[in-house]
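What follows draws every value from the coordinates through simple rules; no lab data is involved. All of these numbers come straight from a predicted model, not from anything done at the bench. Note: ideal-geometry Cβ built from the backbone for every residue, glycine included; neighbour counts use all protein chains shown.
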Amino acid sequence: MKRRRVMRRIVVIGPLGAGKSTLALKISRLLGIPVHHLDWLYWGDSWTPTPPAEWQALLDQIVAGESWIIDGNFTSSLSQRLAAADIVVYLDISPLTSTIRATRRRILHRWRPAPGVPGGSRPMFDAQLFRWIWTFPKRNRLYLLEQLRQPAVAEKTIILRTPRDVRRFLRSLREPDVPVTQGGAGNRQMARRLWRRRR
């Protein structure tokens, strides 16, 4: 068990529908740190992407900031964010849970903006979304766990797998005496076990 460390730069990653944007907003409210939703920044109206050079310049500007919360995977720039972060929060959520949450988000936010969704766009809800969710364990999860196993990253990684883990983590932000779930060596061992299980 490990007590809370300094948290001024926080990365939140995980599969689609895991609740990254919702968690990022909750952390932002508790710590008073600005949140940046990568999907919201990258995609314009009707899911139009930002040009590569402009996108990288924006990322550089955000990461250079004194404090921030960034949610979203965007693996091509993940190493930059992991290196700059004080804390990395990985939501290790099952495809079934992600599917349920994505469906609920679509229902709740059918006519109003959802957290992290680009302005002028509704939450994505089609066959491609569900393909991404159900192929995530094989296509992306192993890569993310491999990144989290790196010694410099493992020491500052917190893996949350259940709603209880999330509640405990948020409570640790409100109450300094509450230990953060797993960190450092504990997370290193967890990431190693998860990685081996999926091989």
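Numbers at a glance
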item	result
Length released on extending from Arg104 to Arg174, taking residue separation times 0.36 nm less the Cα-Cα span	22.5 nm
Principal axis dimensions, segment 32-74 - Cα atoms, whole angstrom, descending	31, 19, 16
Nitroxide proxy distance, nm - points 7 Å out along Cα→Cβ at Arg29 and Phe74	2.5
5 Å binning of all Cα-Cα separations within segment 1-79, expressed as whole percents from 0 upward	3, 14, 24, 24, 21, 9, 3, 1, 1
